Structures are given as structure tokens and as C-alpha cells.
Amino acid sequence: MFSPRRKTSEPSKSVLHNPQEALQILSVFGRAIPVILLTGYLAWFYPFADLVDRSGTPLGSDYVMLYVAGQTVLTGQADSLYDDRANQRRTSALLPTMDPELKWPYRYPPVTAWLMSSLAQLAYGWSFATFACITSLCVLLALGMLITALGVAENRRKLVFWSMLGWPVIYEAVIGGQTSPLALFFVVAGVIALQRKHDFIGGLLIGLCIYKPNIVFILVIATLIARPKAFWGMLAVAIPATMLSLHTVGMSGLRTYVELSTSLATSQWTLETPHWKVHGLAPLLDKVFSGHGKLLVVMIGVPVAVALGWIWRKSENDRWWLASAALLNTNALLNPYVPIYDLLLIIPAGLITVLYYVRKHEDHLSEVTPQIIAIVSVLFVGPHLSQSVAYATGVQVFPVLLTMILILQIRELISTAEPKAEVDLQQG
């Protein structure tokens, strides 16, 4: 798949013009990166006297917030689920040696805390290990399904799989106890179902992201425009989730969650998470428009989601997949709150975009290999490098780079508007 079926010129010896060699090198990094990162993570916990690393951060980082929320429900104290002081006391009691300056406010829906009450019955270490296994499995299944659905040639699938598995954001999410790997699985499975015209199932799968609704803000709107029947699948999830939330915290607790969510989407920047850790366009707009960045991305994001949803509705074959990629990138850019681990959802967008260019330029692939490598490099190392730059300067660069990729995708969507210009991604 990653080399043309017909050779029009002698291949260059440079890796920048040899797509096969570039893929093999990337797959080697893909095997090495998890080993390096996991070894370093374990070393940071030495001598393993407790479940806290040398900086005072607990095993699983943000997972402690989910675990404590599950405990809160389990012990019948759900009425204080959104009480930040109470949650801080519970966290300190659970992990006394943790850095007391670290804050873990609970901002997920009540139904998520109810779901976590099962894992909260285990000891914290075993609970996190179980959760990490679940999220790791979600990543592996999502990558496997995506590679198969996009028709990657069988003799290239292992190389592509290992290449994608080397993306550092995956380990940021899994090691950090994040729930975004669950969303990756639901979104990939949902998009594949939609592509196969199983609208109810696609809507149901995307609807399962209700455990963290903001993570698919743009995608949900676009899905309802492109495939209206998906609404019924989403509703099949929303009704029981709402009932469980009411059962868990009552109407007052659900009202508190809605108020907190509305504040997250529209207010000035009052989160514990600083600007330099957030990767959408909201922080940049926040600087330009005096603290209204989150509200602006919502105002821009809704019409953009509708427009892309309409393009999605009218597309087939490669154009449909490319519109999916553009939507996932837009979902990351025009979302009020996108920490680095939620960038996991641009993995499918990256593979779709690269595969599109490979298929489109297969007769002269070596000529566009540098551009493909540039896209892959931005997606692989951009988030963490940008975060380092933002920490020093206060400016996130990655959203600008991702916007440039989005512009390329939209340009291609416009250029492939005519059916005769389409190339099936699953051809060959």
C-alpha cells in the first residue's frame, strides 16, 4: 500500500523519497517508544514504597479522580460528588504521601461515577491495573479495526499497526489513567458502522461517549446532519444514562453537573488545567479576545460542524473517509477543552489522511513522501513539543499546525467534489 504499483523512476536512496523505508523506520520507533516510556515510568516510581512517584503524583495520575468518584457512590455519599473539597479529602486519605497541592476536581457526568463504582471495589493499585488493561485493549482494537476498514494491504498491516502504536499520546492517555482510549474505540467503531450504513449502531457507539460528552462535541453535531437516523442510537444511550445519573445523584446533582459543564464550555479560563496543557484553538483565542476563547470556539464550531456534516452526508468512498478525518481534526480544534490525552481521536484522522495521499499519488509517491513524513511528524511529536514551547512562551503551536492539516483536507474535499475525481481508499 505504501509503495506505488508502478515505478516511473528509479527510487531514491534517501528515506525522504523512499516510502517503504520510511514506514519501516517508523515501525521500529513504534516498537521502541512503548518500551522506553514504560521503563522510564516505572523507574520514576522507584523504590516502589507506595503508589506515588518522585514528584508526588499518584499511580495513574488522573485515575485517582475516577476512583474516588466511584468510592463516593459506593459509600453512599453521591450528594458530594461535585464537592471539590470533599474529593480532595478523600484523595488525601487514599494516598497520604501524594503532593497536597495537586487538585483532582470531578467533572464527569454522574453516570461515569456510577460505572466506576465497580472498579472502586478493588484496591487502588489493582483497580488502576484493570482499567489500564481495558484502555490498552481499546487502543489495540481501535487501531486494528481502522487498519482493516481502510483496506491497508495485508503485507503492510503490521508495519502500519506498529507505526501507529508508537504515538506518544497513547501512553500519555493509558499511563495517565485517562478515559480517552474508550472514546477512541467507540468513535472508530461508530464511524466504521456509519460508513457501512448501520446508522443506529453508529449513533449508539458514538453515543457511548456520553461518559465524557465534550470529547465528541463536533462529531455528534456532524453525525446528526450526515446520518439523521443515528439520533435514535444516541437516544438509546442517552435515556438510560440520564436515568442512572438521576438514580445516582438526584435532580440537584444532575443540575450541578449541567452547570459545571456549561461553565466549562463558555466561561473564562478558570480550570485547574493551565493554558499550556490545552491543545485546541480555545487558549489562542482566549489570549486574543480577552478570556472568551471557549465561547468563541463553540460559536465557530457549531456552524463548521453543520457544514462538514453536510459534506459528509453527500460523500462516498475516499471523500467520505477524508470528511471523517476533517471532522475529527475539527473536533480537536474547535472544542472548548482539549487536553493532550484527548488528542487521541486524531489518530484515525492521521491514518486516513496519509492513506489518501498515498493512494492519490501512487504513481509518483516518492515525490510526495516528504509531505507525508511532515504530516506524520507533526502528529507524532507535535503535541508534546508544542506543550513544552507553550510552557515557556504561553503559546501553543500544535493547534496552528493541525489547522494547516485541516486546510489541506478541506482543499482535497473541495477538489474531489466531482464523482469522477474520486479514488476508493479500499482499492487494491
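The numbered conditions (1) over 30 Å from V249 (Cβ atoms); (2) buried (at least 20 other Cβ atoms within 10 Å of the Cβ) are all true for T135 except (1).
The set of residues in segment 377-399 being over 17 Å from the mean Cα position of the chain (by Cα) and without any contact (Cβ under 8 Å) to a residue 40 or more places away in the chain consists of S377, L385, S388, V389, A392, T393, V397.
Screening segment 193-221 for residues that are more than 19 Å from the chain's Cα centre (by Cα) and of a type outside the set (A, V, I, L, M) and picking the one that is nearest to A69 (Cα to Cα) gives F200. Screening L334, L345 for residues that are crowded, with 22+ Cβ neighbours inside 10 Å, within 21 Å of A149 (Cβ to Cβ) and modelled with pLDDT of 90 or more leaves exactly one candidate, L345. The residues listed here are T112, T135, T130; of these, the one that is without any contact (Cβ under 8 Å) to a residue 12 or more places away in the chain and of a type in the set (S, T, Y) is T130. Is it fair to say E172 is within 20 Å of the chain's Cα centre (by Cα) and charged (D, E, K, R)? Here the answer is yes, as E172 does meet what is asked.
Rundown of residues vs (1) of a type in the set (K, R); (2) touching a Pro at 6+ places or on another chain (Cβ under 6 Å); (3) crowded, with 21+ Cβ neighbours inside 10 Å, yes/no style:
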position	(1), (2), (3)
H275	no, yes, no
L295	no, no, no
A305	no, no, yes
G309	no, no, yes
A325	no, no, yes
Y357	no, no, no
D363	no, yes, no
T369	no, yes, yes
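Each residue in segment 68-99 was checked for being not aliphatic (A, V, I, L, M) and not in a helix (DSSP H, G or I), and 8 of them qualify.
Restricting attention to segment 7-38, the residues being under 22 Å from R157 (Cα atoms) and at pLDDT 55 or above number 19. Evaluate the following for Y41: is it buried (at least 18 other Cβ atoms within 10 Å of the Cβ), among the aromatic types (F, W, Y) and either touching a helix residue (DSSP H, G or I) at 6+ places or on another chain (Cβ under 8 Å) or modelled with pLDDT of 85 or more (or both)? For Y41, the condition - buried (at least 18 other Cβ atoms within 10 Å of the Cβ), among the aromatic types (F, W, Y) and either touching a helix residue (DSSP H, G or I) at 6+ places or on another chain (Cβ under 8 Å) or modelled with pLDDT of 85 or more (or both) - is not met. Note on segment 50-67: residues that are under 23 Å from the mean Cα position of the chain (by Cα) and free of Cβ contacts under 8 Å to residues at least 24 places away in the same chain amount to 0. Among residues of segment 60-74 being among the hydrophobic types (A, V, I, L, M, F, W, C) and in contact with a helix residue (DSSP H, G or I) (Cβ under 7 Å, 6 or more places away or on another chain), the one that is surrounded by the most Cβ atoms within 10 Å (Cβ to Cβ) is A69.
Results for (1) out of contact with any strand residue (DSSP E or B) (no Cβ under 8 Å at 6 or more places or on another chain); (2) farther than 24 Å from L182 by Cα; (3) assigned to a helix (DSSP H, G or I), shown as yes or no for each residue.
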residue	(1), (2), (3)
S315	yes, yes, no
A323	yes, no, yes
N329	yes, no, yes
Y337	no, no, no
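Going residue by residue through segment 330-337, is there one that turns out to be at negative phi and without any contact (Cβ under 8 Å) to a residue 40 or more places away in the chain? There is no residue in segment 330-337 that is at negative phi and without any contact (Cβ under 8 Å) to a residue 40 or more places away in the chain.
Residues that are touching a helix residue (DSSP H, G or I) at 6+ places or on another chain (Cβ under 8 Å), farther than 28 Å from S324 by Cβ and modelled with pLDDT of 95 or more number at least 1 in the following helices (runs of 4 or more DSSP H) confined to segment 108-170: 110-119, 124-149.
The values are calculated or read from the model by the stated rules, or taken from the named source; none is laboratory data. A quick note: this is a predicted structure, and the numbers were derived from the prediction, not measured. Cβ coordinates were reconstructed from backbone atoms using ideal geometry, including for glycine residues, and neighbour counts include every protein chain displayed.
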